[in-house]
1. Can you go through 25, 84 and tell me which one is at pLDDT 95 or above, farther than 25 Å from residue 129 by Cβ and either surrounded by 15 or more Cβ atoms within 10 Å (Cβ to Cβ) or of a type in the set (A, V, I, L, M, F, W, C) (or both)?
2. Mind checking which residues of segment 26-81 are over 14 Å from the mean Cα position of the chain (by Cα) and closer than 15 Å to residue 96 by Cα?
3. Please specify each residue of segment 39-81 satisfying the condition of being touching a strand residue (DSSP E or B) at 6+ places or on another chain (Cβ under 9 Å) and in a loop (DSSP other than H, G, I, E, B).
4. Residue check: is residue 95 part of a helix (DSSP H, G or I), of a type in the set (A, V, I, L, M), under 19 Å from residue 19 (Cβ atoms) and touching a Lys or Arg at 6+ places or on another chain (Cβ under 9 Å)?
5. Taking residue 107 as meeting all but one of (1) surrounded by 12 or more Cβ atoms within 10 Å (Cβ to Cβ); (2) under 17 Å from residue 33 (Cβ atoms), write down the number of the exception.
6. Suppose the filter is surrounded by fewer than 17 Cβ atoms within 10 Å (Cβ to Cβ), within 21 Å of residue 130 (Cα to Cα), without any contact (Cβ under 8 Å) to a residue 12 or more places away in the chain and not hydroxyl-bearing (Ser, Thr, Tyr); does residue 69 pass it?
7. Condition first: free of Cβ contacts under 8 Å to residues at least 12 places away in the same chain, farther than 17 Å from residue 42 by Cα and not β-branched (Val, Ile, Thr). Can you find one or more residues in segment 92-105 that meet it?
8. Of the residues 116, 105, which single one is in a helix (DSSP H, G or I), modelled with pLDDT of 90 or more and out of contact with any strand residue (DSSP E or B) (no Cβ under 9 Å at 6 or more places or on another chain)?
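The values are calculated or read from the model by the stated rules, or taken from the named source; none is laboratory data. In this text, all values refer to a predicted model and were calculated from it rather than measured experimentally. Neighbour counts are summed over all protein chains in view; Cβ atoms, including those assigned to glycine, are modelled from backbone coordinates with ideal geometry.
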Amino acid sequence: MTENTNTDGHDMAILTEGRKTLTVIDRQGQEHEVTVHKVGLQHMHKLLEASGDDYALAQTYLDPREPRPGAWLKQLTDESLMDILEEGGEINDPLFDRWWTRQQKRMKALGVDPQKFIEEGMARAMDAQLAKAKASA
């Protein structure tokens with residue numbers, strides 16, 4: 001299946017079976033092609049782990065067959081980063097929602113509160129981000 005769309009003046013995006021090629025723009029005005037892909041079921045936890053960190057989430061959405069350093073994403077315009085996040089969500093959210101619903105049922109059966117699990121995980125992720133920012137300052 002192929003779909004062409006034009007959003008906000010960006011070049012056409014092509015969707016083919018769980019992969020979408022986007023043209024993104026860096027802060028110097030250079031265009032780059034990236035492929036956003038469908039994350040496999042065995043890696044759904046990575047989407048959950050990346051919650052709250054747009055750069056980590058965008059990195060997870062990018063096709064691993066086209067490796068780019070995480071710092072590369074920070075060179076993109078905010079609009080291009082949002083394009084990656086939106087397209088990645090469009091491709092991955094339906095399966096992620098089903099996966100997360102199943103995970104919550106399983107946690108409840110094991111006596112784990114899913115809301116508390118998320119809150120504690122988010123707190124750990126935020127602490128790690130703050131420590132990382134302090135270390136690089």
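1. On the way: 84 fails: farther than 25 Å from residue 129 by Cβ.
Going through 25, 84 in turn, the sole match is 25.
2. Across segment 26-81, the qualifying residues are 41, 42.
3. First, pick out the residues of segment 39-81 that are touching a strand residue (DSSP E or B) at 6+ places or on another chain (Cβ under 9 Å): 58, 61-66, 68, 72-73, 75-77, 79-81.
Once the filter is applied, which keeps residues that are touching a strand residue (DSSP E or B) at 6+ places or on another chain (Cβ under 9 Å) and in a loop (DSSP other than H, G, I, E, B), segment 39-81 yields 63, 64, 65, 66, 68, 75, 77.
4. Numbers: part of a helix (DSSP H, G or I): yes; of a type in the set (A, V, I, L, M): yes; under 19 Å from residue 19 (Cβ atoms): yes; touching a Lys or Arg at 6+ places or on another chain (Cβ under 9 Å): yes.
Answer is yes for this residue.
5. For residue 107, the exception is condition (2).
6. Details: surrounded by fewer than 17 Cβ atoms within 10 Å (Cβ to Cβ): yes; within 21 Å of residue 130 (Cα to Cα): yes; without any contact (Cβ under 8 Å) to a residue 12 or more places away in the chain: yes; not hydroxyl-bearing (Ser, Thr, Tyr): yes.
It is true that residue 69 is surrounded by fewer than 17 Cβ atoms within 10 Å (Cβ to Cβ), within 21 Å of residue 130 (Cα to Cα), without any contact (Cβ under 8 Å) to a residue 12 or more places away in the chain and not hydroxyl-bearing (Ser, Thr, Tyr).
7. Scanning segment 92-105, I find at least one residue that is free of Cβ contacts under 8 Å to residues at least 12 places away in the same chain, farther than 17 Å from residue 42 by Cα and not β-branched (Val, Ile, Thr), so the answer is yes.
8. Details: 116 fails: modelled with pLDDT of 90 or more.
Exactly one of 116, 105 is in a helix (DSSP H, G or I), modelled with pLDDT of 90 or more and out of contact with any strand residue (DSSP E or B) (no Cβ under 9 Å at 6 or more places or on another chain), namely 105.
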